[in-house]
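Notes to accompany the following structure.
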Amino acid sequence: KSDPICEHSTLAKQALKETFGYAEFRAGQEAVINAALSGQDTLVLLPTGGGKSLCYQIPALLFNGATVVISPLISLMEDQVSQLQAIGVSAAYINNTVDFARQNAIFNQLADGQLKLLYVAPEKALQFDFIQRLKSLNVCFFAIDEAHCVSHWGHDFRPHYRRLSELKQHFPHCPMMALTATADIATRHDIAHQLGLNAPYIHTGSFDRPNIRYTIEEKFKPLSQLMRYLREQKGQSGIIYCTSRKRVDDISEKLAEAGFNVAAYHAGMSNEQRQFVQKAFARDDINIVVATVAFGMGINKLNVRFVLHYDIPKSIEAYYQETGRAGRDGLAAEAIMYFDPADIGRVKRFFEDIPDEARRKVEEQRFQAMANFAEAQTCRRQILLNYFSEYQREPCGNCDICLNPPKRFDGTLVAQQALSCVYRAQQRFGLGYIVDLLRGANTSRIRDNGHHELSTYGIGKSHSVEYWLSILRQLVHHGLLAQDITQGASLKLTEAARAVLRGEYVLQLAEPRLQAKHVYQDKLA
Ligand code: ADP
Ligand code: ZN
């Protein structure tokens, strides 16, 4: 008798060609499929668009009984089932939108061996009646899609998912496959453990998304920066992530007023509204969705050309997941983030309200990694992938740092100008005011304070607003200026500033990255 693995391979390859119409497996798919077919539990970690579905769909076709797929979202189930039906695979789904008559019909089909795949919502799959009915049928295999939902380390935690190990207890002889696009190491470990997978075969694909170009832009006047960017996009599909519902409403309104084809999406909207937006976006009736992180898993759209973070996300995991919604078709796509170092302090203050201390520490550490990422001056992709333990030696060539490397210059003179300006204004003012002073702006606040008579008034007028903002932020980073948050974020000199003011050493600064300079033409005039 022939080798069973070899036989599996032949059948799997045949199914790949005949049912799905593909010539070759992608890296890792075949080994996962063979492991499942030989009865082993499996864990599949592949990025979005990596081809996870085939990993359980092909075993489902080859097992002689039915496969139950747990899927967290109605829209995902509907999409999968209609795609399967379109290629002639018998599949159905049961969730709370499916009435009893229809459910009975589905069970009858299962009993007759007519259904290969049944997609089920997790809460349904855990119901006693449902499990009893399944037990009376020939069920061979379970697939848990979006398996990171089992882990409360991840950002899509669903309580029902946590109980899915019960399925393992009811069906001890059926292999289980867990699939996720999460790159989060803590979550990965948690998945196998929570689901009770038994010595699973694990496949981890590369999480690199080479077609996505990562860019971090300094946040100056974000709304103008955004509008300008969107105009360049000429109606391409994109998502703009903001941290609060209010901000989502605000920005989507302003974009709509400016004539963009845009909709808002957040958890404060009704289900109907949200579904409407999601469908309209999928059909390209809406180009741009301004959203909170609530706009997530259900986006089954391949041609999202850009994902823009208006605010810094809470973790690298979240950033990766959200930017990963761009370019699923493999064509060039962009991930842009607007970054204001002052936001770091703002976000950190949110964590103070987390009552559970262990949890708070984890959140803080995760955010710190994100903040470091945003502030770093090395290849973005290298940092991202190294963070996910996928070591990259070479810079990527497709991020803002690689394409437009930060230039260093002797910043002693501009630093002295900025520091003495802060000093002359009695260290009582914040960034914006100091920039106005440096540039000699004619504002009533400056006149009222008599600051137009300071010797430093206007010493920096040959440079733009964003140039000075960038310099001042760097001086804060270098520890030469401290920002006193208790006093309206006023800037104060530190002890270390003395040496720079006396010219005791050469201060290397990064040449400000002025991608947004056109935005300020009004101010510069
Ligand atoms: P994921 O669920 O990992 O986000 P999908 O399963 O939706 O990704 O697959 C993404 C795309 O890649 C789909 O269009 C799928 O048909 C295609 N695909 C998967 N495996 C292969 C393969 N071996 N050869 C060619 N295309 C594939
Ligand atoms: Zn790079």
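List the pairs whose first member sits in the range 105-120 and is in contact (Cβ under 8 Å) with a residue 60 or more places away in the chain, whose second member is assigned to a helix (DSSP H, G or I), and whose Cβ atoms are under 9 Å apart, counting only residues at least 6 apart or on separate chains?
Leu117/Tyr56; Leu117/Gln57; Leu117/Ala60; Leu117/Leu61; Leu117/Gln80; Leu117/Val81; Leu117/Leu84
Name the single residue that is surrounded by the most Cβ atoms within 10 Å (Cβ to Cβ) among those in the range 392-404 being at pLDDT below 90 and near ligand 2 (Cβ under 10 Å from one of its atoms).
This residue is Gln392.
I want to confirm something. Restricting to the range 413-446 and keeping residues that are touching a residue at least 24 places away in the same chain (Cβ under 8 Å) and charged (D, E, K, R), which single residue is farthest from Ser462 (Cα to Cα)?
Taking the candidates together, the pick is Arg428.
Return only the number of the condition from (1) closer than 30 Å to Asp190 by Cβ; (2) in a strand (DSSP E or B) that Glu78 does not satisfy.
(2)
Within the range 22-42, can one find any residue that is near ligand 1 (Cβ under 8 Å from one of its atoms) and of a type in the set (S, T, N, Q)?
Among the residues of the range 22-42, at least one is near ligand 1 (Cβ under 8 Å from one of its atoms) and of a type in the set (S, T, N, Q), which makes the answer yes.
Does Asp145 count as within 16 Å of ligand 2 (Cβ to nearest atom) and in contact (Cβ under 8 Å) with a residue 60 or more places away in the chain?
no
Consider Leu230 carefully, then state whether it is in contact with a Gly (Cβ under 9 Å, 6 or more places away or on another chain), assigned to a helix (DSSP H, G or I) and of a type outside the set (Val, Ile, Thr).
yes
Within the range 333-381, which residues are among the charged types (D, E, K, R), within 16 Å of ligand 2 (Cβ to nearest atom) and either closer than 19 Å to Lys219 by Cα or part of a loop (DSSP other than H, G, I, E, B) (or both)?
Within the range 333-381, Glu334, Glu375, Arg380 qualify.
It is to be established whether one or more residues within the range 187-203 are within 16 Å of ligand 2 (Cβ to nearest atom), within 29 Å of Asn398 (Cβ to Cβ) and of a type outside the set (A, V, I, L, M, F, W, C).
Within the range 187-203, none of the residues are within 16 Å of ligand 2 (Cβ to nearest atom), within 29 Å of Asn398 (Cβ to Cβ) and of a type outside the set (A, V, I, L, M, F, W, C).
Would you check which residues across the range 305-325 are aliphatic (A, V, I, L, M) and within 13 Å of ligand 1 (Cβ to nearest atom) and list them?
Within the range 305-325, none qualify.
For Phe20, indicate whether it is surrounded by fewer than 21 Cβ atoms within 10 Å (Cβ to Cβ) and without any contact (Cβ under 8 Å) to a residue 40 or more places away in the chain.
no
Hey, among Pro159, Pro122, Pro175, which residue is buried (at least 17 other Cβ atoms within 10 Å of the Cβ), farther than 18 Å from Phe107 by Cα and not hydrophobic (A, V, I, L, M, F, W, C)?
Among Pro159, Pro122, Pro175, only Pro175 is buried (at least 17 other Cβ atoms within 10 Å of the Cβ), farther than 18 Å from Phe107 by Cα and not hydrophobic (A, V, I, L, M, F, W, C).
For the subset of the range 64-77 comprising residues that are more than 14 Å from ligand 1 (Cβ to nearest atom) and over 22 Å from Ala192 (Cβ atoms), which member is surrounded by the fewest Cβ atoms within 10 Å (Cβ to Cβ)?
If we take residues in the range 64-77 being more than 14 Å from ligand 1 (Cβ to nearest atom) and over 22 Å from Ala192 (Cβ atoms), then Asn64 is surrounded by the fewest Cβ atoms within 10 Å (Cβ to Cβ).
Look at the range 260-291 and say how many of its residues are surrounded by fewer than 21 Cβ atoms within 10 Å (Cβ to Cβ), within 19 Å of the chain's Cα centre (by Cα) and within 25 Å of His152 (Cα to Cα).
Here the count works out to 1.
Being in a helix (DSSP H, G or I), closer than 14 Å to Ile202 by Cα and of a type in the set (S, T, N, Q) is the filter here, so list the residues in the range 13-42 that pass it.
Selection gives Gln29, Asn34.
Among the residues of the range 325-337, what is the count of those that are crowded, with 21+ Cβ neighbours inside 10 Å and farther than 10 Å from Val304 by Cα?
Summing the residues that are crowded, with 21+ Cβ neighbours inside 10 Å and farther than 10 Å from Val304 by Cα in the range 325-337 gives 3.
Scan the range 348-400 for residues that are more than 17 Å from the chain's Cα centre (by Cα), acidic (Asp, Glu) and farther than 26 Å from Asn211 by Cα and report the count.
5
If the Cβ limit is 7 Å and pairs must be 6+ apart or interchain, which residue in the range 388-412 that is under 21 Å from Ser315 (Cβ atoms) and among the hydroxyl-bearing types (Ser, Thr, Tyr) pairs with which residue that is outside any loop (DSSP other than H, G, I, E, B) and away from ligand 1 (no atom under 16 Å from the Cβ)?
Ser389/Ile185
Can you tell me how many residues within the range 292-332 are closer than 18 Å to Ser252 by Cβ and not in a loop (DSSP other than H, G, I, E, B)?
So the answer is 5.
Looking at Ile312, is it buried (at least 22 other Cβ atoms within 10 Å of the Cβ) and in contact with a Leu (Cβ under 7 Å, 6 or more places away or on another chain)?
When the stated conditions are applied, Ile312 does not pass them.
For residues that are crowded, with 17+ Cβ neighbours inside 10 Å and in a helix (DSSP H, G or I), scanning just the range 405-416, find the one that is farthest from ligand 1 (Cβ to nearest atom).
Result: Gln416.
Go through the range 47-59 and report how many residues are within 13 Å of ligand 1 (Cβ to nearest atom), closer than 22 Å to Val120 by Cβ and not β-branched (Val, Ile, Thr).
Residues that pass the stated criteria total 6.
Quick check: anything in the range 428-439 assigned to a loop (DSSP other than H, G, I, E, B), more than 16 Å from ligand 2 (Cβ to nearest atom), at pLDDT 95 or above and within 20 Å of Ser470 (Cα to Cα)?
yes
The values are calculated or read from the model by the stated rules, or taken from the named source; none is laboratory data. Bear in mind the structure is a predicted one, so any value in this text is a computation, not a measurement. In this analysis, Cβ positions are derived from the backbone assuming ideal geometry, glycine residues included, and neighbour counts consider all displayed protein chains.
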